[in-house]
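Shown next, in structure tokens, is the structure this report addresses.
The values are calculated or read from the model by the stated rules, or taken from the named source; none is laboratory data. Values in this document were obtained by computation on a predicted structure and should not be read as measured data. Here the Cβ positions follow ideal geometry from the backbone for every residue, glycine too, while neighbour counts run over all protein chains shown.
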Amino acid sequence: MKMTGADLPWRITHYASVDSTNTMLKAMAADGEPEGRVLIADRQTAGRGRMTRSFFTPPGCGLYMSILFRPDLPAADALMLTPAAAVAVADAVESVLGIELGIKWVNDLFCDGRKVCGILTESAFSADGRLTYAVVGIGLNVRAPADGFPAELSSIAGALLPADAPDCRPQLATEILRRCAAFVSALPQVPFLPAYRSRSVLVDREVLLNPGGDRVKVLGIDDACRLVVQDGDGVSRALSSGECSVVL
Ligand code: BTN
């Protein structure tokens with residue numbers, strides 16, 4: 001994959017096929033790899049998502065990329081890496097393709113009601129609770145698989161473009177990395193938070209929480225990027241992790 005934007009400070013390696021770019025980069029990070037290392041694969045044989053799920057990553061379709069960051073941050077601020085990456089992806093897609101994406105807290109991006117991107121951030125912390133590294137893994141479904149998505153994903157997953165579209169993954173990677181660099185270097189400031197909020201697809205919706213199964217209404221996203229929800233008794237709380245599904 002040919003990247004443009006020679007000004008980028010990254011060390012990028014492209015692979016035709018790996019098990020998982022996150023798994024590989026985590027091993028490199030644990031061995032002392034400096035930040036700025038990026039692994040991109042055309043295909044993964046064991047792509048991973050959150051909550052031990054697999055992530056479908058067929059050849060030629062998606063941008064499957066992991067980025068190593070080592071900002072000196074306490075754990076609470078490190079939680080902002082995933083939202084930063086989500087806005088970086090959404091802004092990059094809009095600038096390269098003119099396609100507007102919604103963000104489903106905390107790590108999913110949607111286009112026309114279908115998930116087109118997931119982000120898996122895997123971090124390690126020192127004994128005093130500071131971040132030692134974060135591997136931010138981005139799986140963006142750029143072109144639809146020629147044979148479609150597997151049956152179990154066909155009602156959920158989508159792609160930005162049809163299967164025969166020209167390959168724009170290099171431009172997308174360049175734009176995502178450029179934006180991620182700016183957002184991560186700004187931490188603990190969160191200049192991306194207004195965009196995260198305005199792209200949110202959950203605000204004012206009824207959702208089911210996972211874990212727990214509670215049915216709640218989403219009131220908004222607070223300054224720590226927590227999901228603020230209100231239960232049926234009118235009691236509100238802020239969630240810093242978890243998932244939810246929209247009640248239709
Ligand atoms: C999710 O939807 O739960 C997150 C999916 C993250 C997938 C990306 S693809 C590149 C990187 N390598 C992986 O194994 N996972 C992430």
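Data for the structure
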| item | result |
| --- | --- |
| Members of the stretch 35-54 that are within 19 Å of Arg70 (Cα to Cα) and more than 9 Å from the ligand (Cβ to nearest atom) | Glu35, Gly36, Arg37, Val38 |
| Given (1) modelled with pLDDT under 95; (2) surrounded by 14 or more Cβ atoms within 10 Å (Cβ to Cβ), index of the condition Asn210 fails | (2) |
| Candidate set from the stretch 113-133 (those that are surrounded by 21 or more Cβ atoms within 10 Å (Cβ to Cβ), more than 8 Å from the ligand (Cβ to nearest atom) and free of Cβ contacts under 8 Å to residues at least 60 places away in the same chain); member that is farthest from Ser155 (Cα to Cα) | Thr121 |
| Count of residues meeting criterion [over 23 Å from Asp91 (Cβ atoms) and of a type outside the set (Val, Ile, Thr)] in the stretch 206-227 | 11 |
| Single residue of Arg197, Arg237, Arg226 found to be closer than 12 Å to Trp105 by Cα, out of contact with any helix residue (DSSP H, G or I) (no Cβ under 8 Å at 6 or more places or on another chain) and free of Cβ contacts under 8 Å to residues at least 24 places away in the same chain | Arg226 |
| Test: residue in the stretch 65-72 that is buried (at least 17 other Cβ atoms within 10 Å of the Cβ) and hydroxyl-bearing (Ser, Thr, Tyr) | yes |
| Long-range neighbours under 7 Å by Cβ, at least six apart or interchain, first residue at positive phi within the stretch 137-157, second surrounded by fewer than 21 Cβ atoms within 10 Å (Cβ to Cβ) and not aliphatic (A, V, I, L, M) | Gly148/Ser154 |
| The one condition in (1) in contact with a strand residue (DSSP E or B) (Cβ under 8 Å, 6 or more places away or on another chain); (2) of a type outside the set (D, E, K, R); (3) under 20 Å from Leu120 (Cβ atoms) that Leu208 fails to fulfil | (3) |
| Residue in the stretch 145-156 that is near the ligand (Cβ under 9 Å from one of its atoms) and either buried (at least 23 other Cβ atoms within 10 Å of the Cβ) or among the β-branched types (Val, Ile, Thr) (or both) present | no |
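Yes or no, residue by residue, for (1) free of Cβ contacts under 8 Å to residues at least 24 places away in the same chain; (2) within 11 Å of the ligand (Cβ to nearest atom):
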| position | (1), (2) |
| --- | --- |
| Ser66 | no, yes |
| Thr82 | no, yes |
| Ala90 | no, no |
| Lys104 | no, yes |
| Asp108 | yes, yes |
| Val135 | no, yes |
